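The values are calculated or read from the model by the stated rules, or taken from the named source; none is laboratory data. Since we're looking at a predicted model, the values are computed, not measured. Note: ideal-geometry Cβ built from the backbone for every residue, glycine included; neighbour counts use all protein chains shown. Note: areas computed on protein heavy atoms with side chains; ligands, DNA, RNA excluded. Shrake-Rupley method; radii C 1.70, N 1.55, O 1.52, S 1.80 Å.
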Amino acid sequence: STPASAAAAPATAAGSAGVPPPKAASAKSPAAQTPAQSPAKAAATPVATTESSEFDPPPRRKASSDIESEYAQLSRQLQGGQAAPSPVKKSDSLAGTGSAAQTFDLAADSDDAEVETEDMHLRQQRPEIPPAQEHFTQEDLGLRRVLIDFYLGQNTGNLSNINAIISKYGGRRVSHLWASLALKYNVPAREAIELLSCTLYHSAPYEYVDEEQAKTLEGALEELRKGGDGGSAAAGPGSSAELLRRSIQRGAEDGCDSLLRLLCFRGVPDESGLRPQIWKTLLGYLPMARHSEWGALQGEKRALYMSYKSELLSVREDHQVEVRESGAKTAELQELMQEIKNDVDRTRRDFEFFRKPSTRGALLALLFVYARLNPGVRYVQGMNEVAAVVLWVMSVDTECAEADTFWCFSELMVEIKEGFMQALDNTGVGVYGLVEGVTRLLRSYDPELARHLQKCELPPVIFLVRWCTVLFAQDATLPDVVRLWDTFVADPRRFEFVIYICLALILSKREELLQTEKQFELAETLQAAPRASDMEDVRRRACAICAFERRAQTPPFPPPPKSQVVQELSEFAQTAAVTAQEAAAKAAEVSAEVTRNLQENVAPVVIERASQASAAAAVAAADGAQALQHWLEETAPARKEAMGQAQSHLSSLWDTVRATGAAAAEKGTKLAEDYKQSEEAKVAAAKLSGVAGAASSLWARTAAAAAAFAAEPSAAVGGQSSSAAAAASGSPAAAATKAAQAPPNAAAAAARQQQQQQQQQ
């Protein structure tokens, strides 16, 4: 807060969403507990006088029938008025819930310059509270009083740091302050709502989520308060109306309605006469961007409605409305007219205005025209209550009220029609999304009450659907509805504020609801709540809920209850278990399918190829043995000269046999390893290994016979044939070992023998 903003901050009206009056000085008040001081010390530090004046309450004003906005006393404050917002009465449940030795630490990253005494005897007494700083606004002083009351029951050591806390958390950040304090001192969320509602800075745009947009609006509002006359404003009750007029003028210049929306959110004074114009602008009937065309646009729209009405309806002098159309749809249109008429006759009969034939005729006509022009929505019961509120506001201009109501009602229905469409029932669209939002917030802010209603089998949805569908038009008094609609229409998140009103209304009846478990009594309490409650207090608490929900959630507030965390973890574990079971079943199914495919499609092919390779290797081995024997017999007369040629032929033969058998064996073994499910494939691989071994043994024995052929060729050939047959039945492993060693040793032996024979010759 700065001195400039202090001079411009508005005070809160008693009948609006401001802070309730302060309580009288009690035994716990600063004035009652300040220890006796010497005259010199008292003169030097006039703390007792300052604090006593803060806690001396002004007389409580009775709620005015007129609905005044939070900034209605702006002019008095700008001129140095002393009317201050009042603190909330300290909740008895707050006292004693925290330790007096705790330090003021709002969050882990808090950089507050805390001043905590270490002397235990000072903790048992209330420390000296520094006087309020001169630049504090009335809203700052209201927060100061509530914080003093809070710390007297929680942590008196932080009272000496009260001004530093206000300087840091005053304004838009006050919601962060109470969220942090509630988490630190275990204050229930519903009580934190009450604390914030009494200290909320209505001069700050807490309803905006975007921080940059909020800062821009805050600066623009400061300029608007200063106006064009050096910072002064007209005194008297019309100051809030003056701000609204300035915002309209500002919007006409820049084509933006943000400032008008900000001020309307906090309420439009009844005596200002500006509500019809503001609603037309914010609903889109007369957009701010087309301010220069308002006159022509409004005239065109009014003439267009009258043409629709004259084409579809005829109105008699006694204001009786009749269907003009004729033809095949006459019976259907007459039925529609009668349905609307029955509802119009029951609308707001407690008001003289709605008992007039002219009012009923206008309401009937505009609803019928809307139904005919919007066949997808048509007419649904409850629309009569919504249109009645708009007609009441627009009735200032008696000649054009019906046409203006039609266009404002049409613009409004664009945004809330989902609640009237049966096709969207039980979906998350429109009103049912709002109802789900209320239920979620109730579980967060008051889980005890939510469990109680669930246990009694009375879900609030029974009443929430109607509250949210017609925006309380059917349940609250007409002045309260009009004041609520100021906020609904101006909500930057467009009618989301209605869920905060619903939650605040349920919480206002908390004690009554918890005292009974009878469904009839619970239903009766909730049904009567909108008319039996102080709706201005309800709206004030709803603003606090809005500030909590639209703040940056650091730290998160309200925290989820432990039972909810356990339930969410349990649901997650159950979901994970089901997912794992489904995955295991799917994996087993896939594995079985793969095995079946292997057995039916792949294994037969492997067995066939292995058999073919085995037969080819056997033929190659037999042909090799016969060729060798025939060759040896033919070359007997010239064995000396043919030794080198025999060696070459044998080597080529060995390479052919080994390549054929080894390749077949390797391929069969690899396929058998890939598809081990087939026993036949294993047998085929074993056979191929045996053939390779036999071929290797054949080469070894042939080489040995060639080396000894010079002495006894016939014996060598007979031994070779018998050896080849024996090798075919030998061990595959032994044959493989011999195949790796035999060829190089046999060649070396033959070479040495040839060298010896040459030396002898």
| message | Against the definition (at pLDDT 95 or above and not acidic (D, E)), how does F406 come out, yes or no? | response | yes
| message | Quick check on S326: is it polar (S, T, N, Q), open to solvent by less than 80 Å² (accessible area, probe 1.4 Å) and more than 30 Å from E253 (Cβ to Cβ)? | response | no
| task | Say whether the condition of being aliphatic (A, V, I, L, M) and in contact with an Asp or Glu (Cβ under 6 Å, 6 or more places away or on another chain) is met by at least one residue in the range 528-548. | result | yes
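A quick yes/no check of all residues on (1) at pLDDT 90 or above; (2) closer than 21 Å to G419 by Cβ; (3) open to solvent by 10 Å² or more (accessible area, probe 1.4 Å):
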residue: I506; (1), (2), (3): yes, yes, no
residue: E511; (1), (2), (3): yes, no, yes
residue: K518; (1), (2), (3): yes, no, yes
residue: F548; (1), (2), (3): yes, no, no
| request: Within the range 280-326, track down each residue that is at pLDDT 95 or above, basic (K, R) and within 19 Å of R372 (Cα to Cα). | output: K301, R302, K309
| of a type in the set (V, I, T) and assigned to a helix (DSSP H, G or I), is that true of T516? | no
| Only one of L363, L412 is more than 20 Å from G273 (Cα to Cα) and either within 38 Å of the chain's Cα centre (by Cα) or polar (S, T, N, Q) (or both); which? | L412
| message | I'm checking my understanding of the structure. Among residues of the range 342-364 that are of a type in the set (S, T, Y) and assigned to a helix (DSSP H, G or I), which one is surrounded by the fewest Cβ atoms within 10 Å (Cβ to Cβ)? | response | S358
| remark: Screening V377, V389, V396 for residues that are modelled with pLDDT under 95 and farther than 20 Å from Y308 by Cβ leaves only V396
| message | So L367 passes all but one of these: (1) in a helix (DSSP H, G or I); (2) under 30 Å from A504 (Cβ atoms). Which condition number does it fail? | response | (2)
| Test: L363 is hydrophobic (A, V, I, L, M, F, W, C) and either touching a Leu at 6+ places or on another chain (Cβ under 7 Å) or on the phi > 0 side of the Ramachandran plot (or both) | yes
| message | Cβ contacts < 7 Å: first residue on the phi < 0 side of the Ramachandran plot, restricted to the range 307-331; second residue assigned to a loop (DSSP other than H, G, I, E, B) and open to solvent by 80 Å² or more (accessible area, probe 1.4 Å), any location; separation 6+ or different chain. Result? | response | L312/R324; L313/R324; S314/R324
| task | Among the helices (runs of 4 or more DSSP H) lying completely within the range 129-205, list those that include at least 2 residues that are of a type in the set (D, E). | result | 138-154, 189-199
| said: I'm checking my understanding of the structure. Among residues of the range 520-542 that are aliphatic (A, V, I, L, M) and either exposed (fewer than 14 other Cβ atoms within 10 Å of the Cβ) or in contact with a Cys (Cβ under 9 Å, 6 or more places away or on another chain) (or both), which one is farthest from E436 (Cα to Cα)? | reply: A532
| message | Exactly one condition in (1) at pLDDT below 95; (2) under 15 Å from V481 (Cβ atoms) is false for F354; which is it? | response | (1)
| message | Given the criterion modelled with pLDDT under 95, of a type in the set (S, T, Y) and either open to solvent by less than 10 Å² (accessible area, probe 1.4 Å) or farther than 22 Å from S444 by Cβ (or both), identify the matching residue among S160, S175, S197. | response | S160
